[in-house]
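First, the structure itself, so that you have it in front of you.
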Amino acid sequence: MFKKISKILKSKRHPFEAFQVEVSTYCSLECQMCPRTFFAEKWIFQNMSMETYKQIQRHFGLTKWVYLQGWGEPLENENFMEMVSLAKEAQRFVGVTTNGVHLTEETASRLLDEGIDLVVVSFGGATRESHEALRIGSDSDSLVSRVDRLIRMKHERKMDKPVVKISVIMTRLNMAELPEMVPLAAKLGLDELMVTNIDYLPREQCNMLRAFHHESPTEAFQQSLDKMHKLGKELGVTVRTYPLKAEEVPMCEANPLRNVFFSVDGAVAPCVYLRIPKKGDISRIFLDEEYEVPQTIFGNINNGDFQDIWDGESYKKFRKVYTDRLKGGFNISQTLDLFSGSVPSDTGQETVREIPPLPEVCRTCYKAYGL
């Protein structure tokens, strides 16, 4: 085992960009787009044990980042700070995405003590009404105050980390007001404002909320994003927005060649979208149709060595598809026609080349379409 790991380390200092570790599937909120809301009776509530975490920790030397995030609220795990500490002892970059409910003054102080590198706080909208309608149970004013306090404490200690970002999700209901997030970001002194899609649609209610489109864009939505970028330049705020059009990409943002997802029970998966803590298969809405895909894991860190899991034939076969997709050119002009049933027009342009289709479990995932 150690010879295998030594070989990898010699070939590349950090062969992995990130280990994403789901440390909790609990959450005190009832968010309108969260699968836990829709699959409550089938949801598996669990905090990752320290025993499981330490099995992952043994391999931290292989990765650049340890990112503590999954389908629950990471700060629900009572051992969260110890988990951060162990990752920092391994000299890894450590990040977390949180709903901010538990981001108290004491918690903020401990995060600074531990030297966490990145804190992303999730928002539901620019106004109290839109935020609290989407993230039921979260108080907008309190959340802003907690973020403000974390940043002020960082400055008072004359520290350059953590990087603090806000992530706000785009919906059809909040697009018009999203530019209002930019002055707030400037006032708080955020390092970045991220504007993301609802990229997993567990039920039709989420499909109705999505702001992105397949073919027919909503011009006003793009205008809101353009306004955000303009305000960002004027106010000195870094604004990162995700696309509003679904178009197939050679490699999704999850990048299973460089990232690994460890679920709360220690299962090893390519990404968080293929391992949801519920009983049964994964339900998705894609192109207005409902699909079921199997939970996709390649082993469990509690009963198998990570390197053996990574080198397993099924995992290698899954990754090879993406390796092949990254080779050479890529023509996306006919991306969604296979699902829509439409016949692409003859543009007279030769396709760059044939590429392997997406793995079957990824074909109905919107992350594979650049969102």
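Yes or no, residue by residue, for (1) part of a loop (DSSP other than H, G, I, E, B); (2) surrounded by 20 or more Cβ atoms within 10 Å (Cβ to Cβ):
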| position | (1), (2) |
| --- | --- |
| 248 | yes, yes |
| 253 | yes, no |
| 265 | yes, no |
| 284 | no, yes |
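Residue under question is residue 83, and the condition is that it be out of contact with any strand residue (DSSP E or B) (no Cβ under 9 Å at 6 or more places or on another chain), in contact (Cβ under 8 Å) with a residue 24 or more places away in the chain and outside any loop (DSSP other than H, G, I, E, B); does it hold? Full working, then the answer.
Numbers: out of contact with any strand residue (DSSP E or B) (no Cβ under 9 Å at 6 or more places or on another chain): no; in contact (Cβ under 8 Å) with a residue 24 or more places away in the chain: yes; outside any loop (DSSP other than H, G, I, E, B): yes.
Here the answer is no, as residue 83 does not meet what is asked.
Still on this model: For residue 205, which of the numbered conditions (1) assigned to a loop (DSSP other than H, G, I, E, B); (2) surrounded by fewer than 16 Cβ atoms within 10 Å (Cβ to Cβ); (3) in contact (Cβ under 8 Å) with a residue 24 or more places away in the chain; (4) more than 15 Å from the chain's Cα centre (by Cα) fails to hold?
Of everything listed in (1) assigned to a loop (DSSP other than H, G, I, E, B); (2) surrounded by fewer than 16 Cβ atoms within 10 Å (Cβ to Cβ); (3) in contact (Cβ under 8 Å) with a residue 24 or more places away in the chain; (4) more than 15 Å from the chain's Cα centre (by Cα), residue 205 misses just condition (1).
So for region 108-115 (the condition being surrounded by fewer than 19 Cβ atoms within 10 Å (Cβ to Cβ) and closer than 29 Å to residue 211 by Cα), does at least one residue qualify?
no
Is it fair to say residue 240 is in contact with a strand residue (DSSP E or B) (Cβ under 8 Å, 6 or more places away or on another chain), more than 20 Å from residue 165 (Cα to Cα) and surrounded by fewer than 20 Cβ atoms within 10 Å (Cβ to Cβ)? Don't jump to the end; show me each part of the working.
Values: in contact with a strand residue (DSSP E or B) (Cβ under 8 Å, 6 or more places away or on another chain): yes; more than 20 Å from residue 165 (Cα to Cα): no; surrounded by fewer than 20 Cβ atoms within 10 Å (Cβ to Cβ): yes.
Judged against the criteria, residue 240 is not a match.
Hey, does region 302-322 have a residue that's open to solvent by 40 Å² or more (accessible area, probe 1.4 Å), in contact with a strand residue (DSSP E or B) (Cβ under 7 Å, 6 or more places away or on another chain) and at pLDDT 95 or above?
Initial filter on region 302-322 (open to solvent by 40 Å² or more (accessible area, probe 1.4 Å)): 302-303, 308, 311, 313-314, 316-317, 320.
Those still in the list that are in contact with a strand residue (DSSP E or B) (Cβ under 7 Å, 6 or more places away or on another chain) too: none.
Looking for residues that are open to solvent by 40 Å² or more (accessible area, probe 1.4 Å), in contact with a strand residue (DSSP E or B) (Cβ under 7 Å, 6 or more places away or on another chain) and at pLDDT 95 or above, one finds none in region 302-322, hence no.
Shifting gears a bit: Kindly check whether there is at least one residue in region 166-184 that is in a loop (DSSP other than H, G, I, E, B) and in contact with a His (Cβ under 6 Å, 6 or more places away or on another chain). Before the answer, list the steps.
Looking only at region 166-184, we keep the residues that are in a loop (DSSP other than H, G, I, E, B), and these are 170-174.
When the remaining residues are screened for being in contact with a His (Cβ under 6 Å, 6 or more places away or on another chain), the result is none.
No.
Among the candidates 54, 64, which residue alone is surrounded by fewer than 18 Cβ atoms within 10 Å (Cβ to Cβ), in contact with an Asp or Glu (Cβ under 6 Å, 6 or more places away or on another chain), touching a residue at least 24 places away in the same chain (Cβ under 8 Å) and more than 30 Å from residue 134 (Cβ to Cβ)?
Details: 54 fails: in contact with an Asp or Glu (Cβ under 6 Å, 6 or more places away or on another chain).
The unique qualifying residue is 64.
The values are calculated or read from the model by the stated rules, or taken from the named source; none is laboratory data. Quantities reported herein were computed from a predicted structural model and do not represent experimental measurements. Every residue, glycine as well, gets a Cβ built from its backbone with ideal geometry; the counts of neighbours run over all protein chains shown. These accessible areas exclude ligands, DNA and RNA; they are computed on the full protein's heavy atoms, side chains included. Shrake-Rupley method; radii C 1.70, N 1.55, O 1.52, S 1.80 Å.
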